[in-house]
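Read through the structure below, which is laid out as structure tokens, and then see the notes.
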Amino acid sequence: MRALEASRRLSRLFTSASYSGLELLSSLDCHISSTAAAAGNSGAPQLRLPWSATQRRGVKVNASHVKPGNVIQKTGKIYQVLESEHKQRGRGGAMMQLELRDVDTGNKVSLRFGTEEAVERVFVQEKAFTLLYTEHEVAYLIESNTFEQVEVPLDLFGKAAAYLKDEMKVTLQLYDGKPLSASIPKRSTCTIKEVHANVKGQTVTPRYTRALLDNGLTILVPSYLQSGEVIFVNTEDDSYIGRAK
């Protein structure tokens, strides 16, 4: 059933593709082909897409500026930053404790840096996709311009995976074509499935109450909201934004 639904969505994406978009892709292919042909006899390397060139460029930053989600290079290895913690060593000065994941092997390591120590940050490609559906802890995505389809584990989205919905626009962060992490829009539409009843005996109605959403999460919402109402939720901190309609 999910595969059938995905097929229908895929058909809609194909039929909605504009002629101008196809024309742009065609002109780009022609430009790349002509450039490669001109360079063929001289032994020059073929033209790469712009992101491939900039992706490998790094920049030196202080370790204190490294954040979770960043990608860094250390002793010839590429790591994704999972956690970054500032620690004080008394008279020894401050330091940064970084929890890292080796992009090639998947192994996790913990490294320490001085707060002012230079770290080489590597830039990654960000690419937009549309979610077709999720099944068995896997998200099935499609790139709406090229119709490239990819499958990524749900854990790339972290806790934000609870907000995933069919046809949602998502972003993948990739390094050398490998998905490192995934993100969703900051705002999502949810339906209140159940509002927790107030405690008996309370003489003052609380300003906020706990509500169960249709995605299984429980958040705080204004006490005047009722079951069945559609609301906007901040996907970064699970906070209530406002009524959707």
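The values are calculated or read from the model by the stated rules, or taken from the named source; none is laboratory data. Model, not experiment: these values are computed from the prediction. Here the Cβ is made from the backbone with ideal geometry for all residues, glycine too, and neighbour counts use every protein chain on show. These accessible areas exclude ligands, DNA and RNA; they are computed on the full protein's heavy atoms, side chains included. Shrake-Rupley method; radii C 1.70, N 1.55, O 1.52, S 1.80 Å.
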On the given criteria, is residue 140 at pLDDT below 95, in contact with a helix residue (DSSP H, G or I) (Cβ under 8 Å, 6 or more places away or on another chain), hydroxyl-bearing (Ser, Thr, Tyr) and under 29 Å from residue 79 (Cα atoms)?
no
Index of the failed condition, residue 180 passing every other in (1) part of a loop (DSSP other than H, G, I, E, B); (2) out of contact with any helix residue (DSSP H, G or I) (no Cβ under 6 Å at 6 or more places or on another chain)
(1)
Is there a residue in region 82-89 that is among the basic types (Lys, Arg) and at pLDDT 90 or above?
no
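Has region 194-214 got any residue that is touching a residue at least 40 places away in the same chain (Cβ under 8 Å), in contact with a helix residue (DSSP H, G or I) (Cβ under 9 Å, 6 or more places away or on another chain) and either open to solvent by less than 50 Å² (accessible area, probe 1.4 Å) or part of a loop (DSSP other than H, G, I, E, B) (or both)?
Applying the first criterion (touching a residue at least 40 places away in the same chain (Cβ under 8 Å)) to region 194-214 yields none.
Within region 194-214, none of the residues are touching a residue at least 40 places away in the same chain (Cβ under 8 Å), in contact with a helix residue (DSSP H, G or I) (Cβ under 9 Å, 6 or more places away or on another chain) and either open to solvent by less than 50 Å² (accessible area, probe 1.4 Å) or part of a loop (DSSP other than H, G, I, E, B) (or both).
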Those residues of region 114-145 which are surrounded by 15 or more Cβ atoms within 10 Å (Cβ to Cβ), in contact with a strand residue (DSSP E or B) (Cβ under 6 Å, 6 or more places away or on another chain) and under 15 Å from residue 156 (Cβ atoms) amount to 124, 125, 127, 129, 131, 139, 140, 141
Scope region 218-228; condition under 28 Å from the mean Cα position of the chain (by Cα) and crowded, with 16+ Cβ neighbours inside 10 Å; matching residues
219, 221
Can you tell me how many residues within region 150-192 are at pLDDT 95 or above, open to solvent by less than 20 Å² (accessible area, probe 1.4 Å) and in contact with a Lys or Arg (Cβ under 9 Å, 6 or more places away or on another chain)?
1
Per the list (1) surrounded by fewer than 12 Cβ atoms within 10 Å (Cβ to Cβ); (2) modelled with pLDDT of 90 or more; (3) on the phi < 0 side of the Ramachandran plot, residue check on residue 92 breaks on (2)
